[in-house]
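Visitor: Got a structure here, written out as structure tokens. Questions coming.
The values are calculated or read from the model by the stated rules, or taken from the named source; none is laboratory data. Keep in mind that this is a model prediction, so the values were computed, not measured. Positions of Cβ are backbone-derived with ideal geometry, glycine not excepted, and every protein chain shown enters the neighbour counts. For accessibility, only protein heavy atoms count, side chains too; no ligands or nucleic acids. Shrake-Rupley method; radii C 1.70, N 1.55, O 1.52, S 1.80 Å.
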Amino acid sequence: MRDDRYPVARPSLSELEERYVLDALRSGWVSSQGPYLNDFEDRFARRCATGTAVATTNGTVALHLVLAAAGIGPGDEVVVPALTYVATANAVAYCGARAVCVDVLPQSWCVDPAAVRAAIGPRTRAVIAVDLYGHPADYPALRALCHRHGLLLVADAAESFGATVDGHPTGSLADATTFSFFGNKVITAGEGGCVTTSDEALADRMRLLRNQGMDPRRRYYFPVLGYNYRMTNLSAALLCAQLDRADEIIARRDAVIAGYEAQLADEPALSAQPVVAGVRRAPWMAAFLVGPEGDAISRDAVARALDRLGVETRPFFVPIPDLPAHRDPGAHCPVTVDLSRRGINLPTYPELTDAGVKAVVERVRTALSSVA
């Protein structure tokens with residue numbers, strides 16, 4: 001085992017996070033109420049240029065909360081990309097609805113609006129677009145499509161905090177947008193999530209359901225079946241510090257990914273994540289494809305070689321229709337299948353120095369040579 005290993009992700013935490021969390025701890029406000037919670041929701045909504053933010057326990061329940069608040073249930077269908085983390089489809093299943101998986105675009109790795117259009121049927125109630133590896137989906141096309149068919153458009157922005165489309169930030173591009181603050185995300189509270197929306201009725205419904213369904217005007221009276229999806233004041237304190245540092249965190253992560261892409265640009269066995277015109281990608285994780293389609297170079301062999309060289313990597317997500325809980329043998333998603341087979345993520349975190357990026361690049365070249 002090498003002692004100079006590079007993890008694929010590491011949270012960026014400073015004295016500021018420690019100070020805010022300690023302040024929350026000493027105040028006694030450690031649970032689901034407190035000043036940091038209010039401050040975080042207000043600031044996050046402003047950062048996302050949207051009407052309101054509803055903080056949650058994590059990104060998965062944020063997705064479920066939106067769908068539940070919109071009344072999606074058994075017999076309904078929700079269109080989702082086939083290439084995404086399983087939480088996107090799981091949230092649909094939690095409602096008793098069916099996730100209809102469609103293919104993604106090779107130009108962005110995000111859901112194909114034409115495939116969404118073809119999948120819309122009489123039971124379709126919503127579309128969830130996923131900003132895969134920090135790249136926003138085609139929201140102008142998806143908004144027009146959903147408006148035409150009367151569908152809810154949800155953005156799963158778990159990976160895209162800090163991204164923009166034509167200057168408009170993630171969080172303002174769909175009817176509702178969900179975020180994750182898991183330990184490997186751009187900003188983190190270890191766990192945590194949030195929903196942004198300018199639909200006040202939807203926001204009120206989410207707040208009701210988030211708090212066990214308790215009537216806000218009558219304590220301990222529960223007119224509906226709700227959930228305990230509340231964020232703690234301790235988590236919000238950590239996130240307030242992360243928001244204070246968000247620009248520096250994003251800038252450093254941008255530099256790490258730019259370093260990889262510049263130094264590996266001449267490597268024929270790798271291709272970097274494409275970025276569509278008008279998009280500012282969020283620097284979540286450096287993402288590459290190994291080999292051209294049908295090439296003999298194996299992504300998994302490269303990952304094993306890098307592990308031996310002290311570099312942790314991640315494969316791209318397994319297609320949702322291939323997972324037992326959501327299996328759909330009839331799904332035809334060739335772009336998803338190819339990306340899933342070839343995609344790899346390299347170490348991406350703010351404390352990775354320029355020298356560290358160079359060291360990872362050298363080991364990537366060594367790994368590629370060893371499996372060619």
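Visitor: Select, from A331, A286, A277, the only residue that is under 25 Å from A137 (Cα atoms), among the hydrophobic types (A, V, I, L, M, F, W, C) and open to solvent by 80 Å² or more (accessible area, probe 1.4 Å).
Guide: Selected residue: A277, the only one of A331, A286, A277 that is under 25 Å from A137 (Cα atoms), among the hydrophobic types (A, V, I, L, M, F, W, C) and open to solvent by 80 Å² or more (accessible area, probe 1.4 Å).
Visitor: Please go through (1) open to solvent by 10 Å² or more (accessible area, probe 1.4 Å); (2) modelled with pLDDT of 95 or more for S298 and return the number of the only condition it doesn't satisfy.
Guide: Status for S298: all satisfied but (2).
Visitor: I'd like the full set of residues that are in a loop (DSSP other than H, G, I, E, B), open to solvent by 30 Å² or more (accessible area, probe 1.4 Å) and in contact (Cβ under 8 Å) with a residue 40 or more places away in the chain, limited to the stretch 199-245.
Guide: D199, Y227, Y229, R230, T232
Visitor: Let me ask something else about it. Could you list, ordered by first residue, the pairs with Cβ atoms under 7 Å in which the first is in the stretch 109-132 and among the small types (G, A, S) and the second is open to solvent by less than 40 Å² (accessible area, probe 1.4 Å) and in a loop (DSSP other than H, G, I, E, B), at least 6 apart or interchain?
Guide: Once the first residue is among the small types (G, A, S) and sits in the stretch 109-132, its partners that are open to solvent by less than 40 Å² (accessible area, probe 1.4 Å) and in a loop (DSSP other than H, G, I, E, B) give A115/D103; A126/A70; A126/I72; A126/L151; A129/C110; A129/A137; A129/A174.
Visitor: In addition: Going through A68, A137, A53 one at a time, which residue ends up being part of a loop (DSSP other than H, G, I, E, B) and in contact with a Cys (Cβ under 9 Å, 6 or more places away or on another chain)?
Guide: A137
Visitor: Is the stretch 198-210 home to any residue that is at pLDDT 95 or above, within 19 Å of T52 (Cβ to Cβ) and in contact with a Ser or Thr (Cβ under 6 Å, 6 or more places away or on another chain)?
Guide: yes
Visitor: Given the condition touching a Ser or Thr at 6+ places or on another chain (Cβ under 9 Å), open to solvent by less than 10 Å² (accessible area, probe 1.4 Å), of a type in the set (D, E, K, R) and under 28 Å from R98 (Cβ atoms), answer yes or no: does some residue in the stretch 129-146 qualify?
Guide: Looking through the stretch 129-146, at least one residue is touching a Ser or Thr at 6+ places or on another chain (Cβ under 9 Å), open to solvent by less than 10 Å² (accessible area, probe 1.4 Å), of a type in the set (D, E, K, R) and under 28 Å from R98 (Cβ atoms).
Visitor: Right, here's the next one. Against the conditions (1) at pLDDT 95 or above; (2) at positive phi; (3) surrounded by 15 or more Cβ atoms within 10 Å (Cβ to Cβ), where does A367 fall short? Just the number, please.
Guide: All conditions pass for A367, except number (2).
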